[in-house]
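What follows is calculated from the coordinates using simple rules that are stated; it is not laboratory data. The structure displayed is predicted, hence computed values, not measured ones. Note that we place each Cβ from the backbone using ideal geometry, even for glycine, and neighbour counts take in every protein chain shown.
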Amino acid sequence: MTTFEGTLTKMETENDKPIQYYLIFENNFLNVNQLIDREIEIIHKGYQCLNCKKAKKIFRQGFCYDCFMSSPAAADWIMRPELSKAHLDEEDRDLEYEKRVQLQPHIVYLALSSEVKVGVTRKTQVPTRWIDQGAVQALPVLEVPNRYLAGVAEVALKNHFSDKTNWQKMLKNDISHADLFAEKIKLKQWLPEEVMPYFLNSDELYELNYPVKKYPSKVTSLNLSTTSKFSGKITGIKGQYLIFEDGTVFNVRTFEGYVVSISFN
């Protein structure tokens, strides 16, 4: 029996065919693709806040309550880019951090994971962001110089596209047919004037291939807060989810900061 133990963080990825997934622990790492078609056991053993490293119960995004309420990495502008203020030299929680993250090139994109969705990511996170949300295709629309402008564009486009993935449809591979090139041309009419100079006329379509042997017809989430021990056979990986033979799915990212052991033969 081989056992890996440590604090969960979201799986690192390599955009290969298929995508390669890795769980990174303090002293070692695990190529999760090697676990497909194998029985594994996951045991929840405790917590470690990703920010302060203390053994405190996780509140959200891998942070304990105190760190979630104070860390710049958990501020509102993370989820709502239009609230970014570093370009105005205004601090939210930590101006140095905010300038470093907000004042860099961002991509506004269309992605296909369940239906067509609009989203924002730092250019350095291409194509990682799309892999993490389980998109099978993604098409950049704008490349803007800061997070605020990306947020302005996203707010305008959210009137016409979803900004969220239907995770159940994504995991069942129940994906609407869509032509992202046609959608990109159509959305130009809804973009604010201030972002039009950043429209990308090149059409580089990203197609993403996931290591899934079998998609489930029905999915049930594994919650480590209520189920501290689980075992099952992995049949695939998509987004940040492990997919098990019985239809159980485990969102690694949801349980960042949880200390676990993962065992397999």
Taking every other residue with Cβ under 15 Å from the Cβ of GLY232 and scoring Lys and Arg +1, Asp and Glu -1, one gets +1
Between the alpha carbon centres of the stretch 204-265 and the stretch 161-203 the gap in Å comes to 27
Under 22 Å from LYS123, Cα to Cα: lysines that are on another chain or at least 8 residues apart: LYS10, LYS17, LYS85, LYS99, LYS158, LYS164, LYS184, LYS188, LYS238
Excluding VAL260 itself, calculate the net charge of residues whose Cβ lies under 9 Å from the Cβ of VAL260, where each Lys or Arg counts +1 and each Asp or Glu counts -1. 0
Using θ = phi - 60° and the Karplus relation 6.51 cos²θ - 1.76 cosθ + 1.60, list the HN-Hα couplings for the stretch 209-225 in order, rounded to whole Hz, with x at every Gly or Pro. 10, 9, x, 10, 7, 8, 8, x, 8, 9, 10, 10, 7, 7, 10, 5, 6
Peptides 17-29, 238-250 ordered by average Cβ neighbours within 10 Å, highest first: 238-250, 17-29
Mean Cβ neighbour count within 10 Å, used as a protection proxy, ranking 2-15, 126-139 highest first: 126-139, 2-15
Please compute the contact order of the chain in relative form: average sequence separation of alpha-carbon pairs under 8 Å and at least six residues apart, divided by the residue count, as a percent. 31
Considering the alpha-carbon set of the chain alone, what are its Rg and its Dmax in angstrom? 19.3, 60
